[in-house]
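Enquirer: There's a structure below that I have some questions on.
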Amino acid sequence: MATLTRRQLTVALAARQGLLTRRRGSAVAALRALTPLQAQDSPAPFIALAARLEGFRQADLDAAIGAREVVKTTLMRRTLHLVARDEYPAYAQLSRQPGVRALRARHADLDLERVAAGLRSFLRTPRTNDEVRAHLDGSAGEDPWSPIMLARTLLPLVQVPPAGCWRERGRPRFVVDPRKPPAADRAAEHVLRGYLAAFGPASRRDLAAWAGVPQREFAAALHRAGPVVHHDEAGGELLDLPGLEPPPASTALPVRLLARWDQALLAHADRRRIIPAELEELRLTLSGDQTVTVDGRVAASWRLRRGRAVAEVAVQPHVELRRRDLPRIRAEARRTARFCEPDAAKVAVSGV
């Protein structure tokens, strides 16, 4: 049992998220290791992988989506994610269980099994949100999103390609994933292990906040996994998988440009390991700002401007930047601009 400093937690997060040294490998393998990637904004998973994978190209993830090795769907916290197809059933099962219980309590007069069966038959053909609303015809209430959330809770719905592809803006169509889901306790254990491998050491509260489910969903899984127990500097309990030791606190951390709602920012209830306390009032995780990490923590935001021939990354510092960090920020910004706009005649950086 060890006490881990904030700095050790910052280094551990960077290492496990591929933000210490870029990894090599496929986009699908990266998604399995990183857990599902936030996809509220279509380019976000691409930018997230570009920050973590060496040699990654937009076409790599587009191809995996087209081949249905990766799917876009609603998962944790009822938000859109890209997930490796073989990982999807466990995450879907865990995410849906609290919602199903809430539906049964809220709609005691509704035959949910009959509704689910009708939806399953209806969704043999890919359907849009509007078509799902019309099919349910007020079954879940008058709020336009109630029938959509009813359908997504009752059944494991995934979006049909090209949904999820780079800058895809079309109206998505949905089908039911046909595979039998794992048992709820096995799904929870799978997600728990994936979470700790990608974000640990972390507290039970961190895990539940990230997954968007009550802590009790993981009770049996925690017993079976037998996690190692550490503590933070305030004495709080932190859990981790056996054999995963944090790198030394002295490890130098590179500059990285992260995506909108990047998962490294959303993975913990206590986000001080990556967001300094003085920046909390900016509420960057709500606004979805694309962020710049310096020495493993958010120091600035960035956005891309595309002109006729120039792709420019505009950086907005949120803390006083050290002179020695400016060349590294510019270099990473140019790399990100070139990834986002590979056909631009020139890339530029402003603000730093």
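The values are calculated or read from the model by the stated rules, or taken from the named source; none is laboratory data. Here the structure is a predicted model, which means the values were calculated and not measured. Neighbour counts are summed over all protein chains in view; Cβ atoms, including those assigned to glycine, are modelled from backbone coordinates with ideal geometry.
Enquirer: If the requirement is being of a type outside the set (Asp, Glu), part of a loop (DSSP other than H, G, I, E, B), surrounded by fewer than 17 Cβ atoms within 10 Å (Cβ to Cβ) and free of Cβ contacts under 8 Å to residues at least 24 places away in the same chain, which of these qualifies: Pro182, Pro178?
Expert: The match here is Pro178.
Enquirer: If the requirement is being modelled with pLDDT of 95 or more, in the same structural domain as Leu80 (by TED's automatic domain parsing) and among the hydrophobic types (A, V, I, L, M, F, W, C), which of these qualifies: Leu103, Leu157? Before you say what the answer is, go through the steps one by one.
Expert: Numbers: Leu103 fails: modelled with pLDDT of 95 or more.
After applying the criteria, what remains is Leu157.
Enquirer: Please pick out the residue among Ala202, Ala220 that is surrounded by fewer than 19 Cβ atoms within 10 Å (Cβ to Cβ), in contact (Cβ under 8 Å) with a residue 12 or more places away in the chain and of a type outside the set (Val, Ile, Thr). Break it down stepwise before answering.
Expert: On the way: Ala202 fails: surrounded by fewer than 19 Cβ atoms within 10 Å (Cβ to Cβ).
Only one candidate passes the filter, namely Ala220.
Enquirer: Still on this structure: Would you confirm whether or not region 339-351 contains a residue that is in a loop (DSSP other than H, G, I, E, B) and either acidic (Asp, Glu) or touching an Asp or Glu at 6+ places or on another chain (Cβ under 6 Å) (or both)? Break it down stepwise before answering.
Expert: Initially, region 339-351 is screened for residues in a loop (DSSP other than H, G, I, E, B), giving 341-345, 351.
Retained after the next criterion (residues that are either acidic (Asp, Glu) or touching an Asp or Glu at 6+ places or on another chain (Cβ under 6 Å) (or both)): 341, 343.
Yes, region 339-351 contains a residue that is in a loop (DSSP other than H, G, I, E, B) and either acidic (Asp, Glu) or touching an Asp or Glu at 6+ places or on another chain (Cβ under 6 Å) (or both).
Enquirer: For region 1-110, which fully contained helices (runs of 4 or more DSSP H) count at least 3 residues that are polar (S, T, N, Q) and either surrounded by fewer than 19 Cβ atoms within 10 Å (Cβ to Cβ) or touching a helix residue (DSSP H, G or I) at 6+ places or on another chain (Cβ under 7 Å) (or both)? Break it down stepwise before answering.
Expert: Details: elements: 6-16, 27-34, 44-52, 58-66, 88-106.
Fully inside region 1-110 and qualifying: 88-106.
Enquirer: Could you look through region 54-100, keep only residues that are touching a residue at least 24 places away in the same chain (Cβ under 8 Å) and of a type in the set (Gly, Ala, Ser), and pick out the one that is farthest from Pro161 (Cα to Cα)?
Expert: Gly99
Enquirer: Moving on to the next point. Out of curiosity, is Ala211 small (Gly, Ala, Ser), within 20 Å of the chain's Cα centre (by Cα) and surrounded by fewer than 18 Cβ atoms within 10 Å (Cβ to Cβ)? Before the answer, list the steps.
Expert: Numbers: small (Gly, Ala, Ser): yes; within 20 Å of the chain's Cα centre (by Cα): yes; surrounded by fewer than 18 Cβ atoms within 10 Å (Cβ to Cβ): no.
For Ala211, the condition - small (Gly, Ala, Ser), within 20 Å of the chain's Cα centre (by Cα) and surrounded by fewer than 18 Cβ atoms within 10 Å (Cβ to Cβ) - is not met.
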